[in-house]
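Read the figures in this text as sums done on the coordinates, not as results from a lab. Keep in mind it's a predicted model, so treat the numbers as computed, not measured. Positions of Cβ are generated from backbone atoms using ideal geometry, with glycine treated the same way; all protein chains shown enter the neighbour counts.
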Amino acid sequence: MEDSLNKRYIVKLMSSSVSGIVNASILAMVPTALGPVAFGNFTYLTQFFTQVLAFLDAGTSTALFTRLSAKKNNQQLLVFYFILSLIIFLLVNFSVLFIKVFDIRHYFG
């Protein structure tokens, strides 16, 4: 059991380290490449879509991992979550497409 715990800790630590390095490099390159106004828009859109996806997710990802830890071979749960994720993805993309096609973006900002 302890070997498994050590292995999971090392994998999580390495994952966090790589993620931190990638995010730091993005933070170093993006503002310089975009300029202040475009970077502000980029930051706004990133935060907006992060919050929209968190709202639409409604904690289902946490519930998925909790349930999967109890029943590791639950394929129906994985299929359900895949379909839910696909619906959320399509909903967000079709919303953006709808706003662009009907040129109603001036109502949002």
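Points to keep in mind about this one:
- Partners of Lys72 within straight-line reach, counting lysines whose Cα lies under 29 Å from its Cα and excluding those fewer than 8 residues away in the same chain: Lys7, Lys12.
- Packing-based ranking of 102-108, 40-46 yields 40-46, 102-108, ordered from highest to lowest mean Cβ neighbour count within 10 Å.
- Under 17 Å from a label point set 7 Å out along the Cα-to-Cβ vector of Ile83, the amide N atoms of the range 34-64 belong to 60-61, 64.
- Helical runs assigned H by DSSP (4 residues or longer) give the chain a calculated mean residue ellipticity at 222 nm of -30000 deg cm²/dmol, each run adding -39500 (n - 2.57) before division by the residue total.
- Compactness of the range 1-98 - radius of gyration and Dmax, Cα, Å: 18.2, 52
- Rg/Rh ratio calculated on Cα atoms of the range 24-64 (Kirkwood radius): 1.18
- Candidate lysines - alpha carbon under 19 Å from Lys100, same-chain residues fewer than 8 apart omitted: none
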